[in-house]
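Inspection log for the structure reproduced underneath, given as structure tokens.
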Amino acid sequence: MKLPHMYRPGDLIEVFYTMPYGLDNGQERLDLLGDRWLLCPTTMLGTNRPRTGWTERWLPATVIDAPNVSSGTQGSIRFRWDVHMWFDWASGERIDMSDPGALFDVAPVTRVRPRSRNWNLSPANSGRGIPALGGTELHIGGVPVSVSFIVFRWGAAKIPIQYDAHSWGRTEGSTVSARFVQLFFNRAVAPRLNFDYEVLTVFVQHSDEFVGISPEFLASMCSGRHIAALYFLWPIQGQQTYGDKISCTAAYVDANPFFELVARMESAGIPTRWPHHSHLWKCLTSKEWVPHMSVVPKYHVPLTTRVPKSLVISNPLNAARQAIATLWQLQKEKRADDSYIGPAHSDWTPGGTAERVVAKLGYSYEGVDVKMVQGEYALSDALYSLTTQQGYTNDCVYVQQRVHRVDLEARCFVLGGEVVETLYTRFARIDRGGYVRDYEKAHSAEEAMRDWFYNDQTAWQKAMEHITALTRRWYVWMLAQSAEPTVSVRIDYMLERVGPGQADVWTGEVGEQGYSMGGIDPVIVFSSVLDSISEDLCQRHAPNGFSGPRDGPPGKRPHREGH
């Protein structure tokens, strides 16, 4: 058994720093400093936006007080950081260097080791006295690690990320939340890599920041053998409107400048590992795949057409009538092709009730821009309201035949072309505005079949067979979109029991890897993301006894009572 290293005051060490990930739902205490210290190589990276710096990394320090040898690996070391460019990522304030204890911190001995020769510190960082103001820490060196993660996440703390724990999961949070980012690193990255990684974080407040970001500069700061980019943001077709009565939603960014940045990052050889490579990401989040695949019967996508925004603005009623007429024509063509007979129970019938449709937008999340309507007048209202929303720049509206009746949805989590978990849900009602309401979850497949599918085991089995076949087709389709197999998607299927022993299954959504993780252990997905970075990471597993990182910023920390 390897004995713990004996540290003495004055010893030069390296400490693995982990910045706390922050709090969601408006709980971040912006009036207090102490838990948001970001190590920025230059002053401008800390004071100007986007604030960019290290949130997890090995950093140099000097021992002040060492634990008793008998404490072994259970003790803690009090030390002083030998880097001093610390900034609050929310406010841009710099750590108070006039305070002699500003750089004092404490860490368990498991996060400490003797300093390596990878550092090139100036006399100001020697560990003696208070460092002078000025200078940079661009060329101080860094410990070589297996992976450098460049993380893009929300940085406008005054517009906090909000999410409904019932829909997103109380443990997981939404996929742009601080809780979700913490889960990714604490439960997947740290146990697997055992501090053999670093995280450079870019805190984004506004879409105008993307144009000034240099991928080459970010990469030059990294010490990893592999560099991977993770984007915990939601691209939309819209403007960020902070000065209006209702501010833009947190983590929503303008898709055009954002994807231009992602393309530059990928052109610099930095692959996107969350959520997807940019071309696939745009295909899925824009919903451009929906009308394309709706005319391929084997994929069970309800017939869909796109209505140009200009036609809606000039004459909403004519645009609605044209959309409905086009769907009738598409249905006629689909019926004429008898090479594959897909679900037909939702087909419109001449002389029947007014056409039931769904109007929706691309680049939209959480079901915000989806309206269920019936008839041309209701559709015209939906088209106009969707295209004239404040700040929106969408160029079209998707209009889709509505499934006759959705008894429930099967949210299938797909890894490697196989369904690994399924969450059965439904919306209990549609309100007067056409929006789905009252989200419900079944605790098991048996409960879903019994309560929502008329306890029809034969119909249920047929629905499951449809899901298996459809999932395999979608996996092949995904391979056609990206030669590198996609780590995961969530496919939402709409199920209807159309008669005793009979079921229709429709593809409702092929969701990018930003879907709600409620219903699956996120670590399963996260581990597959790590596997995609390199072959050598596939062979690495969490060491025995590794408990993951501890949140611990430098400087004074006793500010957050109760947290």
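The values are calculated or read from the model by the stated rules, or taken from the named source; none is laboratory data. Quick caveat: nothing in here was measured; it's all calculated off a predicted structure. Methodologically, a virtual Cβ is constructed for each residue, glycine included, from the backbone with ideal geometry; neighbour enumeration extends over all protein chains shown.
Against the conditions (1) modelled with pLDDT of 95 or more; (2) surrounded by fewer than 18 Cβ atoms within 10 Å (Cβ to Cβ); (3) on the phi < 0 side of the Ramachandran plot, H206 satisfies every one except (1).
Answer yes or no: is there a residue in region 359-378 that is farther than 28 Å from D254 by Cα and touching a residue at least 60 places away in the same chain (Cβ under 8 Å). Scanning region 359-378, I find at least one residue that is farther than 28 Å from D254 by Cα and touching a residue at least 60 places away in the same chain (Cβ under 8 Å), so the answer is yes. The listed residues are A359, A323, A344, A319, and the only one of them that is hydrophobic (A, V, I, L, M, F, W, C), surrounded by fewer than 22 Cβ atoms within 10 Å (Cβ to Cβ) and not assigned by TED's automatic domain parsing to the domain that holds A255 turns out to be A344.
Of everything in region 138-193 that is in contact (Cβ under 8 Å) with a residue 40 or more places away in the chain, among the polar types (S, T, N, Q) and assigned to a loop (DSSP other than H, G, I, E, B), the residue that is farthest from V523 (Cα to Cα) is Q162. Here region 466-504 is the region considered, the condition is being in a loop (DSSP other than H, G, I, E, B) and not acidic (D, E), and the residue that is nearest to S516 (Cα to Cα) is V487. With respect to T201, determine if the residue is more than 29 Å from W119 (Cα to Cα), of a type in the set (V, I, T) and buried (at least 19 other Cβ atoms within 10 Å of the Cβ). So T201 fails the test.
If you check S380 against the conditions, is it more than 19 Å from V301 (Cα to Cα) and touching a Leu at 6+ places or on another chain (Cβ under 6 Å)?
On the way: more than 19 Å from V301 (Cα to Cα): yes; touching a Leu at 6+ places or on another chain (Cβ under 6 Å): yes.
Considered against the rule, which asks whether it is more than 19 Å from V301 (Cα to Cα) and touching a Leu at 6+ places or on another chain (Cβ under 6 Å), S380 comes out as yes.
Looking at P100, P41, just one residue is at pLDDT below 90 and either part of a loop (DSSP other than H, G, I, E, B) or farther than 27 Å from S220 by Cα (or both), and that residue is P100. All of (1) outside any helix (DSSP H, G or I); (2) surrounded by fewer than 16 Cβ atoms within 10 Å (Cβ to Cβ); (3) modelled with pLDDT of 95 or more hold for G367 with one exception: (3). Evaluation of G508 against the conditions (1) of a type outside the set (K, R); (2) in a strand (DSSP E or B); (3) more than 16 Å from V296 (Cα to Cα); (4) touching a residue at least 60 places away in the same chain (Cβ under 8 Å) shows that the sole unmet condition is (3).
Scanning region 288-315 for residues that are crowded, with 19+ Cβ neighbours inside 10 Å, in contact with a Gly (Cβ under 9 Å, 6 or more places away or on another chain) and either outside any helix (DSSP H, G or I) or among the acidic types (D, E) (or both) returns H300, V301, P302. Taken over region 358-383, the residue count meeting the criterion of being over 30 Å from the mean Cα position of the chain (by Cα) and within 10 Å of A320 (Cβ to Cβ) is 8. The one condition from (1) of a type in the set (A, V, I, L, M, F, W, C); (2) modelled with pLDDT under 95; (3) under 25 Å from F185 (Cα atoms); (4) in contact with a Phe, Trp or Tyr (Cβ under 8 Å, 6 or more places away or on another chain) that A61 does not meet is (2).
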